[in-house]
Structure formats: C-alpha cells, structure tokens
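As structure tokens, the structure follows; a few thoughts come after it.
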Amino acid sequence: MRADFIRYVLTFLEGGVYSDTDTAPVRPLLEWVPEEFRNKTRLIVGVEADSQPPVPGTKYPVQLGQWTFAAAKGQPVLWRMIQRVLNEVAERLRAEKALEKTQPERHLGPNTVDFSDSDVLTVSGPIGWTEEICGYLSEMTQSDFTWENLTDIRRPRMFADVLVLPIDGFATGVPHSGASITQGNETKVMHYFTASWKGGQMEDIC
C-alpha cells in the first residue's frame, strides 16, 4: 500500500508518468495521446480487464490498471486516492485502538494496522483506482458513470479530462479481454507481471 500511496502523492504534487519496474516503454509519451485530445488530457489510464464474468482477481467486469498512468500536477483523481488511503488507515487505527482496550493481546504496536493483499487491491490498488475514477467522472459528467461506460473500448476514449486507453495500451499479452498477444499499434507499455509487491507471484489477472 505504501508503494501505491507514494505514486499518487508524487504525481499529484509533481505530475508526470508512473510505471512499475516490471514494465518497458514501447511508444513515446506523445504518442499515447491522439492529437485531438492533447489539449484536454490531464490523466491517462489503461484498461487492465474487460470481461464478463470478471477476470479472477478483479472485482468489476471492466477494471482500470494503475501499474502505469500519467497525470498532470494536481489532477483530482490522485487527491481522491490519497484521501481514500488516509481515511481507511485512520478508520482502522480507530477500530484497532478500540479493540485493544478489550483485547490487549491484539496490540500490534503504535499506530500499526494490518492490510491483507485483498485490502491493498481494494483500498489503494486497481479496485480503488477504478472506483475513484468512476466517482470522479460521475461528478464531471453529472451522470452515473460506471464500468459499463468503459467496456469494449478499442481506441483511446476521452471522458472529461481522463483519457482511457484500450486493453492493448498497457496490457498487451494478457490472456483475456480480447488483448493482442504481441505488440501492436495500440501498445504503449509492456507489462511483464512479476507482481514483485507479492514476492514475485503471478496474479490471476495475468
């Protein structure tokens, strides 16, 4: 979760591109954004799964990845993610301290809480990322924006100031969601899915 949190903080404060260490660039950043969207784009994200039923390891039929993204300084989705993490940590600290009063053996140390891998995916990972982007776009478009608005994207799509790339943008090679097996014109970054945050174990999603 700390790795997720720091990527949101740094890009919120400075702007720029974040990409996991198990990725490799394929296209220069300028080619990520179609010319007609270049004066509008403040956040670039990619679909990581688009499948019904949902791909194992995901929550929604369409889920957005956060192993690679680009953002303008101060883009509001990043602030939403920062608040999401801080609020969850604060809530769990309050709950843990309340339990410690009746169960002293639960003491984890000062200001310490436990998060499972599933918690990380939900709070700061791609599930949370997808939820906060949809929440932001609901506000921006004054509509109920959900994963259904993101299904079957085959070319970059602009929603408010968020550019959504199709599955091949950042997830070429995944064995689902209609992704291409090899690099093509839509491939911007290759992700090798070493899942280093989980000790190198491969995820179901890949």
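The values are calculated or read from the model by the stated rules, or taken from the named source; none is laboratory data. This one's a predicted model, so the numbers in the text were calculated from it and none came from an experiment. Cβ sites come from the backbone with ideal geometry, for glycine too, and all protein chains shown count toward neighbours.
Descriptive notes on the structure:
- For the range 59-93, the set of residues classified as among the β-branched types (Val, Ile, Thr) and at pLDDT below 95 consists of VAL89 only.
- Of the residues making up the range 122-149, those that are touching a residue at least 60 places away in the same chain (Cβ under 8 Å), assigned to a helix (DSSP H, G or I) and not β-branched (Val, Ile, Thr) number 5.
- PRO156 being farther than 23 Å from PRO53 by Cα and not small (Gly, Ala, Ser): yes
- Taken over the range 152-165, the criterion of being in contact with a Pro (Cβ under 7 Å, 6 or more places away or on another chain) and either hydroxyl-bearing (Ser, Thr, Tyr) or in a loop (DSSP other than H, G, I, E, B) (or both) is satisfied by ILE153, ARG154, ARG155, PRO156.
- So ILE181, is it closer than 18 Å to PRO25 by Cα and under 16 Å from the mean Cα position of the chain (by Cα): no
- Which listed residue is more than 21 Å from HIS191 (Cβ to Cβ) and not small (Gly, Ala, Ser), from LEU86, LEU30: LEU86
- Within the range 27-52, residues that are assigned to a strand (DSSP E or B) have Cβ atoms under 7 Å from residues that are polar (S, T, N, Q) in these pairs: LEU43/GLN75; GLY46/THR68; GLU48/GLN63; ALA49/THR58; ALA49/GLN63; ALA49/SER177; ASP50/THR151; ASP50/SER177, counting only partners at least 6 apart in sequence or on another chain.
- So TRP197, is it under 23 Å from LYS59 (Cβ atoms), modelled with pLDDT under 95 and in a helix (DSSP H, G or I): yes
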